[in-house]
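Note sheet for the following structure.
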Amino acid sequence: MPDTSAETIAPPAPEPAPVSAPDTAAAALARRVAAGDRRALARAITLVESTRPDHRAEAVALLAALPDRQALRIGLSGTPGVGKSTFIEAFGLMLTGQGLRVAVLAVDPSSARSGGSILGDKTRMERLSRDPAAFIRPSPSRAELGGVARRTRETVRLAEAAGYDVVLIETVGVGQSETLVAEMSDLFVLLLAPAGGDELQGVKRGIMEIADLILVNKADGELRPTALRTVADYAGALRLMRKRAGDPEGFPKALPVSAVAGDGLTAAWAEMQALTDWRRAQGVFAARRAEQAEGWFLAEVRAGLLARLAEEPAAATLRRLGAEVAAGRTDPVAAAAEMLATLG
Ligand code: GDP
């Protein structure tokens, strides 16, 4: 049996929320989140999802007041129909069965575009959603993708502060969302369906390159032989790719699973833990987290600058200078320099 205790993935006993901060509404909410209050967590997520400036200020205060806790962040991607919800439900229940607390968050680029969601369906993962050790949060509708990235990073932080041991960040295999999710995860898992060899080409190389584990789902019944062949095909393809610096031999790996039958889930979890333990021992885990934190900071600064450009009076200046450039009265470079100077 692999060692599946919380200790292998979670850091030592978390500190309580800082109480020295002034007892604002944000600090009070942070304390409730840190105490594992699910309603408070849901409220906190709604707060970080809001774009209202006063909410934003409160969200910033809330995030600053959270205790520093770490979960294992697992990014999971797969095209619609591959079995993501079925897998997350089975995998999540396996983890909660081992005494771990699991949060599931969704990054749904379709909702960013159209307001309609592929992942937001409330009836998904019914059993897991009733499990007191699990917390499921669908993707918000009608957020732009940049907003989705910010909201997801902050939601991950909230879930970690709330004491979840594993945070699963789910996305559909379209657009830029995989890279986005991989960039905020410790591990990236790609869920695939059994397929003929020719379909292997359909998986973009870039996605193969960010995957730590490829799980070929539906390895049951009549589909099992095809699934096993698909695993062998991907294992072959992965061997041809350059091993990532800091990773052990044999990774990235391809494995068969059946979310419906519950087969291969323990093995998949053991691989995730083995890779995580190795990366921790090598210092790769912490280095990656540090890099992600820095990337998050830069993304926030950029988002903040863009938000300021959209506000008055900057927006008016931007329009005026844009019109002057269009009319040939001002040079684009000079106009940009003038614009940036007004932000100083
Ligand atoms: P999602 O769109 O990726 O979330 O996929 P779902 O979890 O909704 O699953 C899509 C379909 O595949 C459903 O009909 C599931 O019952 C089926 N499915 C999911 N996992 C398995 C599996 O392990 N084996 C088989 N045979 N079918 C599965």
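For residue 191, the conditions (1) within 10 Å of the ligand (Cβ to nearest atom); (2) over 18 Å from residue 169 (Cβ atoms) all hold with the exception of (2). Note on segment 5-35: among residues that are at pLDDT 95 or above and closer than 17 Å to residue 101 by Cβ, the one that is surrounded by the fewest Cβ atoms within 10 Å (Cβ to Cβ) is 35.
Residue by residue, here is whether (1) modelled with pLDDT of 90 or more; (2) among the hydroxyl-bearing types (Ser, Thr, Tyr); (3) outside the structural domain of residue 169 (by the TED database) holds:
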| site | (1), (2), (3) |
| --- | --- |
| 108 | no, no, no |
| 133 | yes, no, no |
| 141 | no, yes, no |
| 145 | no, no, no |
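Counting the residues of segment 84-105 that are under 18 Å from the mean Cα position of the chain (by Cα) and of a type outside the set (A, V, I, L, M) gives 7. Quick one: in segment 239-267, which of the residues that are farther than 23 Å from residue 169 by Cα and not in a loop (DSSP other than H, G, I, E, B) is farthest from the ligand (Cβ to nearest atom)? Among them, the one singled out is 240. For segment 46-88, filtering for residues that are closer than 27 Å to residue 204 by Cβ and either away from the ligand (no atom under 16 Å from the Cβ) or not in a loop (DSSP other than H, G, I, E, B) (or both) leaves 12.
Those residues that are among the hydrophobic types (A, V, I, L, M, F, W, C) and within 19 Å of residue 301 (Cα to Cα), I need them from segment 319-344; list them, please.
Across segment 319-344, the qualifying residues are 336, 337, 339, 340, 341, 343.
Just to be sure, is residue 183 surrounded by 22 or more Cβ atoms within 10 Å (Cβ to Cβ), modelled with pLDDT under 95 and among the acidic types (Asp, Glu)? Criteria not met by residue 183. Looking across segment 89-101, just one residue is in contact with a strand residue (DSSP E or B) (Cβ under 7 Å, 6 or more places away or on another chain) and either within 16 Å of the ligand (Cβ to nearest atom) or over 29 Å from residue 32 (Cα atoms) (or both), and that is 92.
Which residue, of 52, 73, is charged (D, E, K, R) and crowded, with 20+ Cβ neighbours inside 10 Å?
Residue meeting the stated conditions: 73.
Scanning segment 220-273 for residues that are crowded, with 16+ Cβ neighbours inside 10 Å and free of Cβ contacts under 8 Å to residues at least 24 places away in the same chain turns up just one, 235. One residue alone among 310, 286, 315 is exposed (fewer than 15 other Cβ atoms within 10 Å of the Cβ) and closer than 14 Å to residue 186 by Cα, and that residue is 286.
The values are calculated or read from the model by the stated rules, or taken from the named source; none is laboratory data. A quick note: this is a predicted structure, and the numbers were derived from the prediction, not measured. Counting neighbours? That spans all protein chains shown, and the Cβs are built from the backbone with ideal geometry, glycine included.
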